[in-house]
Amino acid sequence: MLRDELKNRILILDGAMGTMIQKENLTEEDFHGEGVPHCNCQMKGNNEALCLTKPEVIEKVHRGYLEAGADIITTCTFSAQRISLADYHMQNMVREINLAAGRLARKIADEFTEKTPSKPRFVVGSIGPTNKTASISPDVNNPAARSITFDELFGAYEEQMIALIEAGVDGFMIETIFDTLNAKAAISAAHSAINKTGRKVEIMLSATIADLSGRTLSGQTVGAFLASVAHADMLSVGLNCSFGAEKLKPFIKEISDVAPCYVSVHPNAGLPNQFGEYDESPEMMKAKMAEFIEEKLVNIVGGCCGTTPAHIATYTELLAKGYEVRKPSMKSTDLQLSGMDAFSIKSNSFLFNKNIKSESAETSLFCNIGERCNVAGSKKFLRLIGEKNYDEALTIARNQVEAGAQVIDVNMDDGMLDAKVEMVNFINLIASDPEIAKVPIMIDSSKWDVIEAGLKCAQGKCIVNSISLKEGEAPFLEKATKIKSYGAATVVMAFDENGQADTYERKIEICSRAYHLLTEKVGFAPQDIIFDPNVLAIATGIEAHNHYGIDFIRATRWIKENLPHAKVSGGVSNLSFSFRGNNAVREAIHSVFLYHARKAGMDMGIVNAGMLQIYDEIDPTLLQYVEDIVLNKREDATERMLKFAESLKIDNAVEAKKVDEWRQKSLDERLKYALIKGINEYIETDLDEALKMYASPLEIIEQPLMAGINEVGELFGEGKMFLPQVVKTARTMKTAVAYLQPYIEQSNCKGSAKAGKIVMATVKGDVHDIGKNIVSVILACNNYEIIDLGVMVPTEKIVETAIAEKADFVALSGLITPSLEEMCHVAEAMERAGLKIPILIGGATTSKVHTAVKIAPKYSAPVIYCKDAAVNTVYISQLLNPKTHDEFCQKLNREYADIRSSQQKPNLVDFATAKEKRFKG
């Protein structure tokens, strides 16, 4: 029904639930009542509880939006899963709340439908992201740690969704997605809930972007997000919250241009002003939303924070004019993968697409899959993992990306390793390094539980390596179905019940059978199938092996001609196994093989991207010998190649090492560069040099290292760096400070233990802590001791802890508008206690103007507004440094005074007095 309506008209989604509830000025008692367990914690702010204690309030909100013209209303269940409800000790009331919320919305929507059957109303269950992230570590000392797992998210979402389906919702709105891994768990849970209840409902996805660079909080671009969730059987995809409609428009256009489903947008009423309020009036939003509709960018329009029925009513007026409906785009036949960035392998080889006339018009480049993070193929990587030397292991991955690998293969299968533990750990570590995490991951294992564990850790669209028919059709189909549910592509090895395909005929037989099973029985997208027809060693001295190279190339061509959109890959290094130890010959074999296999349609290969020769630059004599064995041109090709290889005078022990250009810069520039890029490899060497040049180790921190941190803050503020990069630089700073610590202690420098002690808290009434946790990680990396009091912290506890711990700073966080008032209460309490501890203010609704006008006047010590996570260390270091403290405070006071002056309303007199005093000259 909902899907049918969207074919014919643009639908209106409701506006903000929280904004309307805040207008009711409810008391703490309103959130308590029959059916809600008694607890000592504050319940105000737990809007979902109102479905039980004050259903008339929620009913009023629903009616307001329906009367304004909304076609779709969302249930009051944004945080109604056990993870978020645990903050209120209500984790065991998930079912009751969701049933109540769903039934309430269903009843009211049906009433309106009955009045005007030609305009049916729909109910979608609001599914929020929870207050935890599965892709970012909460622990400064362990970037692989996670506060929540995929399975925990899946269980929480499934429980909520089953209740909502039973309550009669038409679909789910999985919204405000800031971490795609959380969303993938929700998508899996939605599919499971639908299967368990036997009732089909729609799935709608809506992400939120963190800044104008267009990335989510966990670092993904819009394109990467779309690739990650493409497997969802979704009705719509879009964006919500973030900032106002105007700034969301380019990102919605990006989605609209490619989305094969309907597109939604429900933005905030602009950005929060200095007082945490939203200034865009209904008419202002109407004008901006008109552009989305007129340009056919969206199918569903609504509102998020700050919007009201008055805003929604203007959409009704707008749509009354009648507009052409946006049609979903054609589904791409490219293989679309993602890490933090999107990556596509096109289905347009000039050999097989009649619209591409020549190789020069080919736009699909060969994909290099980095092979060095495979314990079975790299002794060094195996040793590093065995030694738990993960920093150096990550360097191997990073080097592959820098050398041109577009996908990183990760394999932990070794008898002396716990492969599952190591796979999870390493993929989590990769997520902490944006230079690696930007590319997709190939999860490689012969053990299904290892593959599945890896899939549950990656927010991007991965490749599974691999599945096959060797155990029969049933296990093959079962694994393929699970891979599809996780949103991954898969490599299919040319194996069946009779073993490995080693001839051209066997290769194409098995690949054809697997293709039809996957596409016809599983519904696997053909472009997500990657065949590996088995690259086997040639020139082994066994005659039957001589055709292995040419048979792979022939099979590749057949697959591309007969199995539409399927891709072809292979482990290239297997081909040259007979010549191990002779790198020059091996590299030539790889280059020649790839040259011909690529022409036949090979899309990708597992290969050391930094050790390939350019085909045209291979020595002509060597090229001839290699071509003979790869293409099996003559019967004596192997014997001739072996003799020629023996005659080569190559010293394989000497390998040229790439010297990074930045290593030629001055010491200060090197330290600054390493910090900005998050490079630990040379930090100790450079710090040893710095210790000889600077008068004290503290000067190294205060000058070159802080110069780097300051630039990070500027780049982040300008949208030129994104959050995972900032966290990575912070960890490099931690490494540097840790190395300098013994020298600081030896020199009896001030601050020899920790740089300072910071008490952090999300204020009373607010349960949001993701931003605070990120700030905590960055500050801890910069050697500050963090005392995190958690969420919903009463003012008294903040003040008592600050005094007891002799804190250097108090950091207050909040996401919702009422938190602004709570921050004022904290400042007043600290003033009454006679404290002079600086206060740091942060959170989505906070602003410099609100801080200057509302908070700072209540406290005689500095109150500093911190716009983002990167600037905290800059401000704190300036306040702690006696040389810069006074100047910083004076500048801050002047700035705040100017802001307060600009906010003062002029002293106006009434019209009669003004008329009497008019100029009469």
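The values are calculated or read from the model by the stated rules, or taken from the named source; none is laboratory data. Model, not experiment: these values are computed from the prediction. Note that each Cβ is placed from the backbone with ideal geometry, even for glycine, and that neighbours are counted across all protein chains shown. Heads up: the accessible areas ignore ligands, DNA and RNA and are worked out on the full protein's heavy atoms, side chains in. Shrake-Rupley method; radii C 1.70, N 1.55, O 1.52, S 1.80 Å.
What is the calculated FRET efficiency for GLU505 to GLU639, with r their C-beta to C-beta distance and R₀ = 22 Å, to the nearest 0.05? Before the final figure, lay out each step's value.
Numbers: r = 27 Å, r/R0 = 1.24.
According to the calculation, E is roughly 0.20.
Output wanted: per-residue J couplings in Hz (rounded whole) for the range 426-433, from phi through Karplus 6.51 cos²θ - 1.76 cosθ + 1.60, θ = phi - 60°, x for Gly and Pro.
Rounded to whole hertz, the list is 6, 5, 5, 5, 4, 4, 7, 10.
Show me 847-858, 136-147 ranked by packing, highest mean number of other Cβ atoms within 10 Å first.
The peptides rank, most packed first, as 847-858, 136-147.
Using θ = phi - 60° and the Karplus relation 6.51 cos²θ - 1.76 cosθ + 1.60, list the HN-Hα couplings for the range 52-66 in order, rounded to whole Hz, with x at every Gly or Pro.
With the stated coefficients, the range 52-66 comes to 9, 8, 9, x, 5, 5, 5, 4, 4, 5, 4, 4, x, 6, 5 Hz.
Using 1/(1 + (r/R0)^6) with R0 = 56 angstrom and r between the beta carbons of ASN40 and GLU387, what's the FRET efficiency to the nearest 0.05?
Values: r = 48 Å, r/R0 = 0.86.
Once rounded, the FRET efficiency stands at 0.70.
What are the radius of gyration and Dmax of the chain, computed over its Cα atoms and given in Å?
That works out to 30.7, 114 Å for Rg and Dmax.
Please give the length that would be gained between LEU691 and VAL421 if that part of the chain were fully extended, namely 0.36 nm times their separation in residues minus their C-alpha to C-alpha distance (nm, one decimal).
Working: separation 270, 0.36 × 270 = 97.20 nm, distance 3.94 nm.
My answer for the length gained is 93.3 nm.
Please give the direction-averaged projected area of the C-alpha convex hull for the range 435-516, in square nanometres with one decimal.
Approximately 5.9 nm², given one-decimal rounding.
Once neighbouring chains are kept in place and the probe is 1.4 Å, which whole percent of the accessible area of the chain is contributed by carbon and sulfur? Write out the running numbers ahead of the final one.
Values: 19200 of 38060 Å².
That share works out to 50 percent.
Using a cut-off of under 20 Å, list every residue of the range 241-272 whose amide N is near the label point 7 Å from the Cα of LYS60 along the Cα-to-beta-carbon line.
Answer for this model: none.
What residues have an amide H closer than 5 Å to that of CYS367, excluding those fewer than 5 places away on the same chain, when H is modeled at 1.01 Å from N in the peptide plane?
So CYS367 has HN proximity to MET604, GLY605.
Starting from the Cα gyration tensor of the range 1-91, multiply each eigenvalue by 5, take the square root, and state the resulting semi-axes largest first in whole Å.
Values: eigenvalues 173, 45, 18 Å².
Whole-Å semi-axes of the equivalent ellipsoid: 29, 15, 10.
Hey, if you put +1 on the Cβ of every Lys and Arg and -1 on every Asp and Glu Cβ in the chain, which of PHE292, ASN182, ILE58 ends up farthest toward the positive end of that dipole?
Of the options given, the answer is PHE292.
Keeping every protein chain present and rolling a 1.4 Å probe, give me the accessible area per residue for the chain in Å².
Numbers: 38060 Å² over 921 residues.
Ligands and nucleic acids excluded, the figure is 41 Å² per residue.
Extending each Cα 7 Å along its Cβ direction at GLU29 and ASN893, get the distance between those two points in nm, one decimal.
4.6
Which log10 I(q)/I(0) values, to two decimals, does the range 54-147 give at q = 0.11, 0.15, 0.19, 0.25 Å⁻¹ under the Debye formula with one point per Cα?
Log10 of I(q)/I(0), two decimals: -0.44, -0.67, -0.88, -1.21.
Quick check on the range 99-145: what does the Kirkwood estimate of hydrodynamic radius come out to from the alpha carbon pairs, in Å?
On the way: mean 1/r = 0.0710 Å⁻¹.
Roughly 14.1 Å, rounded to one decimal.
For GLU202, list long-range residues whose amide hydrogen, built 1.01 Å from N in the peptide plane, is under 5 Å from its own amide hydrogen.
GLY171, PHE172
For the peptides 431-437, 835-841, what is the packing order when you average, over each peptide's residues, the other Cβ atoms within 10 Å and list the highest mean first?
Descending mean neighbour count gives 431-437, 835-841.
Which of LYS754/LYS806; LYS420/LYS772; LYS54/LYS115 have a Cα-Cα distance over 24 Å? If you can, show how the numbers build up before the last one.
Values: LYS754/LYS806 13 Å; LYS420/LYS772 31 Å; LYS54/LYS115 26 Å.
The answer is LYS420/LYS772; LYS54/LYS115.
Between ARG215 and residues 5 or more places away or on another chain, which pairs have amide H atoms under 5 Å apart, with H built 1.01 Å from N, and which residues are they?
ALA210
Give the share of C-alpha pairs in each 5 angstrom bin for the range 787-865, from 0 to the last occupied bin, in whole percents, shortest bins first.
The percentages, shortest bin first, are 3, 17, 32, 27, 16, 4, 0.
How much length is gained on full extension from TRP448 to GLU114, taking 0.36 nm per residue of separation minus their Cα-Cα distance?
Values: separation 334, 0.36 × 334 = 120.24 nm, distance 5.16 nm.
Roughly 115.1 nm would be gained on extension.
Fully extended, how many nm does the chain gain between LEU648 and GLU471 (0.36 nm per residue separation, minus their Cα-Cα distance)?
Details: separation 177, 0.36 × 177 = 63.72 nm, distance 4.49 nm.
Taking LEU648 through GLU471 to full extension adds about 59.2 nm, to one decimal.
So for the chain, averaging the separation of alpha carbon pairs under 8 Å that are six or more residues apart and normalising by length, what relative contact order in percent results?
9
What is the calculated FRET efficiency for ASN142 to GLU684, with r their C-beta to C-beta distance and R₀ = 25 Å, to the nearest 0.05? Don't skip to the end; give the middle numbers.
Numbers: r = 21 Å, r/R0 = 0.84.
According to the calculation, E is roughly 0.75.
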